[in-house]
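The values are calculated or read from the model by the stated rules, or taken from the named source; none is laboratory data. Keep in mind that this is a model prediction, so the values were computed, not measured. Quick reminder, even Gly has a Cβ in these numbers, built from the backbone with ideal geometry, and neighbours come from all protein chains shown.
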Amino acid sequence: MKDHISLNLFVWATAILLLFSSGTASEPWRNPVGSNGESSNLDLAGRWAQGPVRAVASRSDTAFFGNGGRLDIVDFSTPSSPSLVATLDLPTWIRALEVSGAHLYIAADESELLIIDISDPSAPILAGSTDIGYDADDVAVSGDYAYVACGSAGIWVINI
């Protein structure tokens, strides 16, 4: 019982210390200290607190988030107050995103590469997909090709 009380006190004391050391009272999300404990020149300009976000890509002031099986498109032209532009529910979980031109390429679970037409970010359209036979972990696009990382199956090169 004594160990249980000591553990609870330790947990509460740690939580209180973390709370008061993570920023100012008016801006608790702002923490000017880097992960190595030293001061940094970085400053949080804004955030999107809708998650779980597992993948992100951007074009200009528009950010694209993989939020489970949903694509979120968010306008960050005013970083301190981002606004949702559109969402698109997908048949699979998003692992990685890549923007190229008017298209968003998505490496997804269920062995897929998805292509979304984002020429109008407020109305994204599933423009195409291909089953590659292995879970797609990441994607990069260059020219006419999408390079899809498929874990132990290597890299698949898809003519897009």
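Of the residues contained in region 75-97, one or more are found to be within 26 Å of Asn159 (Cα to Cα) and touching a Phe, Trp or Tyr at 6+ places or on another chain (Cβ under 8 Å).
Please verify whether Ser152 is at negative phi, in contact with a Gly (Cβ under 7 Å, 6 or more places away or on another chain) and at pLDDT below 95, treating the condition exactly as stated.
no
Within the bounds of region 95-105, is there any residue that is closer than 15 Å to Ser58 by Cβ, within 19 Å of the chain's Cα centre (by Cα) and of a type in the set (Asp, Glu)?
Of region 95-105, the ones closer than 15 Å to Ser58 by Cβ are 96-105.
Retained after the next criterion (residues that are within 19 Å of the chain's Cα centre (by Cα)): 96-100, 103-105.
Now restrict to residues that are of a type in the set (Asp, Glu): 98.
Yes, region 95-105 contains at least one residue that is closer than 15 Å to Ser58 by Cβ, within 19 Å of the chain's Cα centre (by Cα) and of a type in the set (Asp, Glu).
A count restricted to region 51-66 and to residues that are in a strand (DSSP E or B) and surrounded by fewer than 20 Cβ atoms within 10 Å (Cβ to Cβ) stands at 5.
Of the residues Asp72, Asp120, which single one is exposed (fewer than 15 other Cβ atoms within 10 Å of the Cβ) and either within 30 Å of Asp43 (Cα to Cα) or free of Cβ contacts under 8 Å to residues at least 24 places away in the same chain (or both)?
Numbers: Asp72 fails: exposed (fewer than 15 other Cβ atoms within 10 Å of the Cβ).
Step by step, each of Asp72, Asp120 is checked, and only Asp120 is exposed (fewer than 15 other Cβ atoms within 10 Å of the Cβ) and either within 30 Å of Asp43 (Cα to Cα) or free of Cβ contacts under 8 Å to residues at least 24 places away in the same chain (or both).
In region 123-160, of all residues being part of a strand (DSSP E or B) and among the small types (Gly, Ala, Ser), the one that is surrounded by the most Cβ atoms within 10 Å (Cβ to Cβ) corresponds to Ala146.
Residue check: is Thr78 surrounded by 17 or more Cβ atoms within 10 Å (Cβ to Cβ) and assigned to a loop (DSSP other than H, G, I, E, B)? Quick ask: steps written out before the conclusion?
On the way: surrounded by 17 or more Cβ atoms within 10 Å (Cβ to Cβ): no; assigned to a loop (DSSP other than H, G, I, E, B): yes.
Against the criterion (surrounded by 17 or more Cβ atoms within 10 Å (Cβ to Cβ) and assigned to a loop (DSSP other than H, G, I, E, B)), Thr78 does not qualify.
When restricted to residues that are at pLDDT below 95 and among the acidic types (Asp, Glu), region 62-88 contains 0. Out of Ser83, Ser100, one residue alone is surrounded by 17 or more Cβ atoms within 10 Å (Cβ to Cβ), polar (S, T, N, Q), on the phi < 0 side of the Ramachandran plot and touching a strand residue (DSSP E or B) at 6+ places or on another chain (Cβ under 7 Å). It is Ser100.
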